[in-house]
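Single-structure report; data block below.
Bear in mind that the values in this text are calculations on the coordinates, not laboratory data. It should be emphasised that the depicted structure is a prediction, and the values quoted were computed from it without experimental measurement. Here the Cβ positions follow ideal geometry from the backbone for every residue, glycine too, while neighbour counts run over all protein chains shown.
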Amino acid sequence: MRIRTIIIIGETEFKTKLQELFSKAGFKVIMSDLNQDYDKQASEADLVLETVSEDIVLKEEVFKRCDAKCPEQAILATTTAKPWVTQIAEVTRRPEKVVGLNFTKNPFDEKYLVQIIRGLQTSDDTIQVSKELLEQVGVTAVKIGETPGYILDRVIASVVNEAALMYTTKLATVEDIDKMMKICTNWPMGPFEFADTIGVDKVVEILESLSQQLGPRYLPCFLLRKMVNAGWLGKKTKRGFYIYS
Amino acid sequence: MEIRRIGVLGAGTMGHGIAQVCAQSGYQVNLQDIKDEFVEAGISKIQKFLDGSVERKRMTQDEADLTSSRIKGTTDLREAAKDVDLVIEAIVEDINIKKDVFKELDQICPEDAIFASNTSAQSITEMAMVTKHPDRFIGMHWFNPPQLMRGIEVIVTDKTSQETLDTMVNLCKKLGKEPGICKDSPGFIVNRLLQIWYNESLNMFDEGVADPQDIDTALKVAYNFRMGPFELRDLVGLDVALVVSETHYRELMREQFKPPRCLVMKVKAGDLGRKTGRGFYEYESKT
């Protein structure tokens, strides 16, 4: 199928970024939010891009409503960062047409990477159409399955957890650990800089979710939990492993 | 204390590079290996590197000549170690051979000499304890190639004195390197965290979450990693990767260090990465 009209339903600032991205590539983009009656708009959509806040109940409502109003062949996509695609798909009558499109902004060059998330029911065709759509927009996309933190932040969260353990057990300082990872292996950032960038709360949430699914080896280091309790979440709170002015 | 003369043991990949860096920074270096041909090979590699630097105008001919004049090759351990302030050991990664060498050095070296090991896999503490002065024993973990890699992990044990540590930190700076201090522990900082980065990526492949190419692409495009974990594994060689992985698992005894199934199976199948034309990726066949 060809996608021409995209309806973006969201409350977050991110929705204007999405609008820019898709409008620039020549798509007809309709903006909507939860305060609007988007039933009529939905009836024209080839693709719905949901970007409301991370609340499963809200998201399920949006999907139910879009499912009722959108043309039968339309794809319904969520930008959620949580492993909810399968669950969201289940409230619709077209679970094979529900997909996750999670956008991660590169902290260095501000370009996006999209992780196309396949839920249990998502069809190959839906994945393929999504991939082609993103190619047209000029965004790099990778295909993945549902896992906490998806692939990017799952890797980073695991590294952060080990680094935090090394720091709490006094093997090395935060600064030396970050410095060595950057200069000895050419990492773009050290683990603690990553933690502060992604958010310590997000790291803990991913680790907790991983430990529920895959076992206790993912349990977050106690220091990370304490930092969340203290409100030291990273750059967004001006304090994490480092202090930001 | 002041370091003037350094003995470098082992003229292989790491040893010759370490000797060169020390000599370039003005230290007198004795470069020792167990066979003449190893010493000669090391010295000729240094010469080649220096010639290349002169050619590319990174160094003057005088600087190159002065550097090579500071390096003395030998196969005699006594000759290499009797008058040095510091020994940097970069020999084969075998704890028993290393311990024997340090026991011998204990008899040969001046009383106040510092012993440093470039090991990446053995316990610094275990080696230190075979010497009479574990307070003057330290780890000095260089990265390959030593001439170009700026970071050095300085590994301290519970016995290492503050003076020894200070001397080594200063030395690193004089060599133009950046020291990172870590307590003696498996994998130190860099290799231990790299293991997690690799394992988590490979585990996701095993779980069917994503393919190598998608994982590599994601990490490079979103977070600017220069190479992805699968590409790097293939580059280094999966057999080598498995040995390192097993060592970490054995030493740290935690699930996150367990060698991922895909790595074990690739090695069993003889798909070792670029060198065999196939690993996590396919490469043009080598004939």
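Computed quantities for the displayed model
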{"quantity": "Counted charge near A:Leu233, where neighbours are those whose Cβ lies closer than 13 Å (Asp, Glu -1; Lys, Arg +1)", "calculated": "+4"}
{"quantity": "Listed residues B:Gly12, B:Leu193, B:Val264: farthest to the positive end of the dipole of the protein assembly as shown (Cβ charges)", "calculated": "B:Leu193"}
{"quantity": "Per-residue ³J(HN,Hα) for the stretch B:76-85, Karplus 6.51 cos²θ - 1.76 cosθ + 1.60, θ = phi - 60°, Hz, x for Gly and Pro", "calculated": "8, 4, 4, 4, 6, 10, 5, 10, 9, 8"}
{"quantity": "Inter-chain Cβ neighbour average for residues B:196-205, partner chain, 10 Å", "calculated": "5"}
{"quantity": "Too-long pairs where the Cα-Cα distance tops 22 Å, listed order kept, from A:Lys170/B:Lys159; B:Lys98/B:Lys177; A:Lys28/A:Lys97; A:Lys111/B:Lys220; B:Lys99/B:Lys159; A:Lys17/A:Lys131", "calculated": "B:Lys98/B:Lys177"}
{"quantity": "Expected 222 nm ellipticity per residue - DSSP helices of 4 or more, -39500 (n - 2.57), all of chain A, to 500", "calculated": "-14000 deg cm²/dmol"}
{"quantity": "The protein assembly as shown - charge dipole about Cα centre, Lys and Arg +1 at Cβ, Asp and Glu -1, debye rounded to 20", "calculated": "520 debye"}
{"quantity": "Chain B: DSSP helices with Cα axial extent of at least 30 Å and average Kyte-Doolittle hydropathy no lower than -0.5", "calculated": "none"}
{"quantity": "Antiparallel content of DSSP bridges confined to chain B, in %, to 5", "calculated": "20 percent"}
{"quantity": "Cα gyration tensor shape of the stretch A:108-217, rounded if a/c is under 1.5, else prolate or oblate by comparing a/b with b/c", "calculated": "oblate"}
{"quantity": "Cα centre as origin, Lys/Arg/Asp/Glu Cβ charges: chain B dipole, Debye", "calculated": "360 debye"}
{"quantity": "Directionally averaged shadow of the stretch B:156-287, computed from the convex hull of its alpha-carbon atoms, nm²", "calculated": "10.7 nm²"}
{"quantity": "Top positive-direction residue, dipole computed over the protein assembly as shown with Cβ charges, set A:Gly240, B:Ile152, B:Phe137", "calculated": "A:Gly240"}
{"quantity": "Three-way shape call for the stretch A:1-143 based on the alpha-carbon gyration tensor, with the a/c threshold at 1.5", "calculated": "rounded"}
{"quantity": "Selection from A:Pro95, A:Val142, A:Val114, by position along the positive dipole direction of the stretch A:84-176 (Cβ)", "calculated": "A:Pro95"}
{"quantity": "Assigned charges on the beta-carbon of Lys, Arg, Asp, Glu; the stretch A:134-238 dipole about Cα centre (debye)", "calculated": "200 debye"}
{"quantity": "14 Å beta-carbon shell around A:Arg65, net charge (K/R +1, D/E -1)", "calculated": "-1"}
{"quantity": "Radius of gyration and maximum dimension Dmax of chain A, Cα, Å", "calculated": "19.4, 60"}
{"quantity": "Rh (Kirkwood; distinct C-alpha pairs) - the protein assembly as shown, Å", "calculated": "25.8 Å"}
{"quantity": "Charge sum, other residues only, whose C-beta stays under 11 Å from B:Gln61's C-beta, Lys/Arg counted +1 and Asp/Glu -1", "calculated": "-4"}
{"quantity": "Helix-only [θ]222 nm of chain B, DSSP H runs n ≥ 4, -39500 (n - 2.57) each, per residue, nearest 500", "calculated": "-14500 deg cm²/dmol"}
{"quantity": "Fewest-first sequence of B:His141, B:His133 by Cβ atoms within 10 Å of each Cβ", "calculated": "B:His133, B:His141"}
{"quantity": "Nearest 10 degrees, 0 to 90: helix A:174-185 Cα axis against chain A principal axis", "calculated": "70 degrees"}
{"quantity": "Volume of the Cα convex hull of chain B, divided per residue and given in Å³", "calculated": "153 Å³"}
